[in-house]
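Report on the structure given below.
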Amino acid sequence: MAAARERVAGHRRRFDLRFAAYFAALPERLDTPPLSRFTPRCLELLRELSLRGGKRLRVALLYEAARLVTTDPVPGLAEAALSIELLQTHGLVHDDVIDDSPLRRGGPSTYYAYRQDFPEADRTALGLAVLAGDLAAFLSMRVLLDADVPAELRQAMLEVQLDAAAETVTGQIVDLERDFRPLPDEEFLHTVCEYKSTRYSVLAPLRLGLLAAGEDVARHDARLRRYATLVGIGGQLRDDYLDLFGDDGSTGKSTGSDLRAGRRSYAVSALLAAADETQRAVVESALGDPRCPADTVEHLRELARRLGVDGKLRSDMRRCADAARTEARGWRPHWREEAVAFFEGLPLSNVIPGG
């Protein structure tokens with residue numbers, strides 16, 4: 001696990017330098033209205049959010065997927081990495097609009113930055129935030145066209161990203177649908193996770209890295225999907241756990257945001273399932289209340305601990321990680337053993353130790 005974390009950190013350092021260079025050059029490369037004051041501000045906010053932290057796990061998955069095939073430099077990976085992270089920026093901007101989130105990655109969300117810019121014009125702030133997210137999505141596709149690779153490969157990579165983007169939007173739709181179900185079952189929670197995050201956060205980077213390295217992705221797609229599903233669920237369980245049991249400093253956003261937004265996440269659904277009728281009424285009264293006070297969130301956190309919700313979520317994370325490691329171990333006959341070891345170790349990073 002330590003080796004996998006070091007590799008991820010190395011990919012992050014290298015990519016962050018390239019991402020900063022991309023945004024530094026973007027104003028000259030993008031044909032924008034010369035008299036506009038709003039357009040430079042939009043690019044500034046996209047740059048700030050994109051460069052403000054982020055684990056860059058998608059980037060690591062991309063490069064390590066290529067290493068499954070070869071250790072030689074692989075053309076197209078740099079552009080694919082930019083595309084992946086620009087698509088992530090798009091998703092973060094729109095998520096924060098939908099969720100009315102003030103914080104993201106330890107700073108103001110793009111939506112709230114615009115609300116500060118236009119305190120008396122809410123519709124303008126909302127519109128500009130939506131358009132900023134849209135621009136990031138279009139840029140994520142545009143950057144792939146700059147890759148110095150054969151046209152057939154560019155087409156294949158674009159198809160992966162376009163499919164991932166469309167599926168993520170449908171994932172956001174079912175994410176909203178989930179919260180209209182009094183108690184979403186595990187199957188529906190897994191479906192939300194797969195479409196909203198797994199397909200573009202795990203599966204797409206794996207496909208792009210292998211494609212760029214010259215691998216026949218279709219021949220391996222079933223095993224890639226199995227691994228991606230397990231890693232995606234484990235990562236979402238971790239995020240939901242930290243939203244309830246973490247702190248603002250470690251998560252970079254307000255703890256209890258799922259409760260305040262009325263999201264019936266893995267953690268909230270587990271709490272509702274474990275609670276009795278009286279306790280469930282207390283949880284329901286807080287769900288969806290944007291002004292839910294910190295002491296109420298703390299009360300529900302302690303209730304969740306008493307009901308063993310924290311232990312259940314950690315156990316589920318461990319089960320996903322073990323299954324993902326087993327899946328990755330089965331890759332050894334197909335790909336380079338040293339690279340496979342990274343994918344074996346990675347799922348453990350989603351596991352939060354008991355305590």
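Things worth noting here:
- Between Glu298 and Arg219, the distance separating the two model label sites (each 7 Å from Cα on the Cα→Cβ line) works out to 5.9 nm.
- Taking each DSSP H run with n ≥ 4 as -39500 (n - 2.57) and averaging over every residue of the chain yields -23000 deg cm²/dmol at 222 nm.
- Taken one residue at a time, the phi angles of region 167-172 give Karplus couplings (6.51, -1.76, 1.60, θ = phi - 60°) of 5, 5, 5, 5, x, 5 Hz. Gly and Pro are set to x.
- Loop-located chymotrypsin sites (Phe, Trp or Tyr not before Pro) in region 111-212 whose Cβ has at most 11 other Cβ within 10 Å (DSSP): Phe180
- Ranking Gly246, Gln172, Leu62 by how far each Cα lies toward the positive end of the dipole of the chain (charges on Cβ) leaves Leu62 at the top.
- (i) 42, 23, 17; (ii) 33, 28, 16; (iii) 37, 21, 20, with the label sought being that of the calculated semi-axes √(5λ) of the Cα gyration tensor in Å: (ii)
- Surrounding net charge for Pro75, when Lys and Arg each add one and Asp and Glu each subtract one, Cβ distance under 12 Å: -3
- Selected from Gly234, Ala218, Ala304, residue furthest toward positive end of dipole (region 197-355; charges at beta carbon): Ala218
- Long-range HN-HN contacts of Leu103 with modeled amide H, under 5 Å: Ser109, Ser254
- Separation in nanometres of the label points that stand 7 Å from Cα toward Cβ, at Ser36 and Ile173: 2.8
- Residue separation of Glu284 and Asp247 scaled by 0.36 nm, minus their Cα-Cα distance, works out to 11.1 nm of gained length.
- In Hz, Karplus ³J(HN,Hα) per residue of region 84-96 (6.51, -1.76, 1.60; θ = phi - 60°; x = Gly, Pro): 4, 6, 5, 5, 5, 4, 3, x, 5, 4, 6, 4, 6
- Computed E for Asp72/Ala166 - FRET, C-beta separation, R0 35 angstrom, nearest 0.05: 0.60
- The chain, accessible surface, carbon-and-sulfur percent (1.4 angstrom probe): 54
- Most fluctuating residue given options Arg219, Arg280, Arg58, as computed from a GNM of the chain linking Cα atoms under 10 Å: Arg219
- Overall, region 117-256 carries a charge dipole of about 420 debye about its Cα centre when +1 sits on the Cβ of Lys and Arg and -1 on the Cβ of Asp and Glu, all other atoms neutral.
- Region 162-192 and region 257-288 have Cα centres lying 18 Å from one another.
- For the peptides 64-71, 7-14, the ranking by packing is 64-71, 7-14, with the highest mean count of neighbouring Cβ atoms within 10 Å listed first.
- In a reduced charge model with +1 at each Lys and Arg Cβ and -1 at each Asp and Glu Cβ, region 169-231 shows a dipole moment near 220 debye about its Cα centre.
- Only the Cβ atoms of Lys and Arg (+1) and of Asp and Glu (-1) were treated as charged; on that basis the dipole of the chain about its Cα centre amounts to roughly 840 debye.
- Residues of region 317-341 falling in the label zone of Arg226, defined by backbone nitrogen less than 17 Å from a point 7 Å along Cα to beta-carbon, are 319-335, 340-341.
- Met141/Ala20 FRET efficiency (R0 22 Å; Cβ-Cβ; nearest 0.05): 0.60
- Solvent exposure of the chain amounts to 46 Å² per residue of accessible area, where only protein heavy atoms count and the probe is 1.4 Å.
- Computed over the alpha carbons of region 224-355, Rg followed by Dmax gives 17.0, 55 Å.
The values are calculated or read from the model by the stated rules, or taken from the named source; none is laboratory data. These numbers come from a predicted model, not from an experiment. Neighbour counts run over all protein chains shown; Cβ positions are idealised from the backbone, glycine included. Side chains included, ligands, DNA and RNA excluded: accessible areas come from the protein's heavy atoms. Shrake-Rupley method; radii C 1.70, N 1.55, O 1.52, S 1.80 Å.
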